[in-house]
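Chemist: What follows is a single structure, and I will ask about it in a moment.
Each reported figure results from applying straightforward, stated rules to the coordinates on display, with no laboratory input. Please read these numbers as outputs of a predicted model, since none were measured by experiment. Reconstructed Cβ throughout: ideal geometry from the backbone, glycine too, with neighbour counts over all protein chains shown.
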Amino acid sequence: MSNQSTAPAIPASGRWIRIWPWLAVLLVLLLVGFIRVRLLELPLERDEGEYAYAGQLILQGIPPYELAYNMKLPGTYFAYAAGMSVFGETTSGIHLTLLAVNSLTCVFVFLLGRKLFGLTAGLVACASYALLSVSSAVLGAAAHATQFVVLFAVPGTLLLWQALQTRKPQTLFFCGLTYGLAFVMKQQGICFGVFGFLVLLWRERGEPLGGSFKNISLYAAGTILPFAVICLYLACAGVFPQFWFWTFSYARTYAAGAPLGAGLEYLLSYLRNQFDIFFGFWILAGAGLVVALRKPALQKPLTFAMGFLFFSFLGTTPGLYFREHYFVLLLPAFALIVGMAVQFLQAGSASIMKVAPVLLFAAVMGWGLWVQRWVFFQFPPPMLSQIIYRFNPFLETITAARYIREHSNPSARIAVIGSEPQIYFYAHRHSATGFIYTYPLMENQPYATAMQQQMIAELESVKPDYLVMVVNRYSWLLNESSDLKIIGWSQKYMDDNYQRVGIVAYPLGHPPVEFWEEQAKAIPAGLQQYLAIYHRQPSAR
């Protein structure tokens with residue numbers, strides 16, 4: 001007879017209780033995954049183009065800020081590079097990376113909601129976040145940096161809550177580390193790090209000074225580590241001065257942004273335009289808060305969640321521009337409040353009515369799917385790009401880049417006079433200038449004139465084989481105080497040294513316009529927005 005002990009078998013009902021919530025999460029991921037797979041070929045918009053080009057350069061061994069200048073921290077560049085190394089340097093590869101990032105974030109939202117408020121709250125929060133994060137209200141089909149910020153901010157918040165409960169020092173370090181990774185994805189991620197720091201200070205009040213200092217130091221070390229590593233890498237790569245200028249010196253002028261009144265109008269305009277998508281979730285969240293505020297036992301997790309919501313909102317405010325994709329930062333915390341609402345509306349209902357809050361949430365989800373059916377299920381990606389981004393020339397950039405790739409050597413240098421960096425990525429060609437956007441050159445900021453002079457000097461020095469002139473106001477965002485020197489110079493430079501070999505325009509609601517070689521020598525009458533491709537002539541100086 002064996003004397004080995006045998007673990008008691010888990011009843012089938014117990015195994016089902018463990019498994020069914022994860023099956024529900026899987027169902028949510030499959031639904032959103034279906035939508036994202038359908039949109040894999042959605043043309044890249046310009047932010048995606050910037051990240052994709054920078055990621056492509058990293059895979060070639062070229063550090064950020066050497067051939068591509070921008071004010072964003074480089075974490076998302078490295079994330080794109082990692083994703084493209086797995087899924088390929090294609091539009092689909094980028095959006096498969098987004099699918100993976102978004103799915104992981106959904107799982108973390110479920111875990112955080114379950115930990116704070118209970119199982120129902122976790123499942124509802126997961127489903128809410130999944131739907132809203134792919135929504136057109138936040139440009140959710142595009143792989144914006146904010147999607148990568150929340151990938152780290154949500155598990156960081158989960159670790160912060162666990163640290164409050166367990167008081168384990170190592171948990172604080174890893175909490176700080178994930179918040180630090182959120183920051184290097186994009187500067188707004190610092191809001192989550194500040195949230196964690198303030199929560200920790202509140203927790204440590206009244207504790208012995210030595211223990212408090214140790215805990216805060218561990219958290220701070222974790223938070224600072226990712227940024228320190230990036231600074232060391234960029235210093236060794238010789239691009240630290242460019243990095244510091246763009247991400248801090250210039251970025252400060254951008255953060256000054258719009259006046260308060262204009263910012264509030266931007267916010268109200270956004271809320272009005274997206275009312276159909278959000279209003280059901282707002283009603284649920286509001287009703288849940290009324291119920292939760294009457295329950296003393298909920299005060300601690302509710303206060304924590306509301307703090308998370310407040311600092312998430314702060315992440316949407318830089319410059320007071322309230323861009324659509326900034327609101328991705330707000331979605332995890334908002335989804336938690338919706339999850340809490342359903343959980344406690346259900347708990348406060350009579351037994352026969354406990355299903356009502358769940359049915360109400362199902363109706364809200366169904367409405368969200370219905371009002372966005374044209375995005376999720378109907379229009380093909382090229383048409384969808386034109387509808388969502390209206391007059392931005394994202395389809396045209398694919399055609400222009402294809403022509404350059406087919407008519408030039410891989411070593412050729414090209415330049416885009418405009419703000420369409422996705423052309424460099426599509427063409428697989430290096431930029432002749434680090435100014436992959438002309439936005440900063442047109443802004444009313446103290447560096448604009450010097451930037452124009454530097455861009456001109458870089459182009460005259462490199463003498464790119466191809467130039468793409470973007471004639472589109474959304475690619476320039478001119479204002480009354482814009483210095484137009486770069487526009488006048490580029491026109492003369494192209495006239496003296498280049499021949500126009502292509503004109504591309506896909507006007508919304510009109511037949512596409514494509515003229516090549518000899519046909520491209522004249523601009524069609526009435527064509528106001530287009531991309532013009534120029535080839536450098538052998539006789540050019």
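Chemist: Pull out a ≥ b ≥ c, the square roots of the eigenvalues of the alpha-carbon gyration tensor of the range 390-536, then state rounded if a/c is under 1.5, prolate if not and a/b is larger than b/c, and oblate in the remaining case.
Modeler: Oblate is the answer for the range 390-536, as a/c is 1.5 or above yet b/c matches or exceeds a/b.
Chemist: Restricting to DSSP loop positions (anything but H, G, I, E, B) with no more than 14 other Cβ atoms inside 10 Å of their own Cβ, which GluC sites (Glu not before Pro) remain in the range 427-521?
Modeler: Passing sites in the range 427-521 are Glu480.
Chemist: So, one more: Along the range 126-138, what does the Karplus equation 6.51 cos²θ - 1.76 cosθ + 1.60 (θ = phi - 60°) give for ³J(HN,Hα), rounded to whole Hz, x for Gly and Pro?
Modeler: Couplings: 4, 5, 4, 4, 4, 5, 5, 6, 9, 6, 5, 4, 10 Hz.
Chemist: Excluding same-chain residues fewer than 8 positions from Lys300, which aspartates and glutamates have a Cα within less than 17 Å of its Cα?
Modeler: Here the aspartates and glutamates satisfying the reach criterion relative to Lys300 are Glu204.
Chemist: Sort out for me the Cα centre separation of the range 519-541 from the range 421-441, rounded to whole Å.
Modeler: Centre-to-centre (Cα) distance: 19 Å.
Chemist: What is the fewest-to-most order of Asp483, Asp465 by other Cβ atoms lying within 10 Å of their Cβ?
Modeler: Asp483, Asp465
Chemist: Can you sort Ser431, Ser408, Ser217 from fewest to most other Cβ atoms within 10 Å of each residue's own Cβ?
Modeler: The order, fewest Cβ neighbours first, is Ser217, Ser408, Ser431.
Chemist: Fewest Cβ neighbours within 10 Å first, please rank Val513, Val25 accordingly.
Modeler: Val513, Val25
Chemist: Past 28 Å, Cα to Cα: identify those pairs from Lys168/Lys354; Lys295/Lys354; Lys72/Lys168; Lys186/Lys463, in the order given.
Modeler: Lys168/Lys354; Lys72/Lys168; Lys186/Lys463
Chemist: Hey, another quick one. Mind running the shape call on the chain? Use the C-alpha gyration tensor, a ≥ b ≥ c as the square roots of the eigenvalues: rounded below 1.5 for a/c, prolate if a/b tops b/c, oblate otherwise.
Modeler: prolate
Chemist: Report the Cα centroid-to-centroid distance between the range 314-392 and the range 136-200 in angstrom, as an integer.
Modeler: Taking the Cα centre of each part, the range 314-392 and the range 136-200 sit 21 Å apart.
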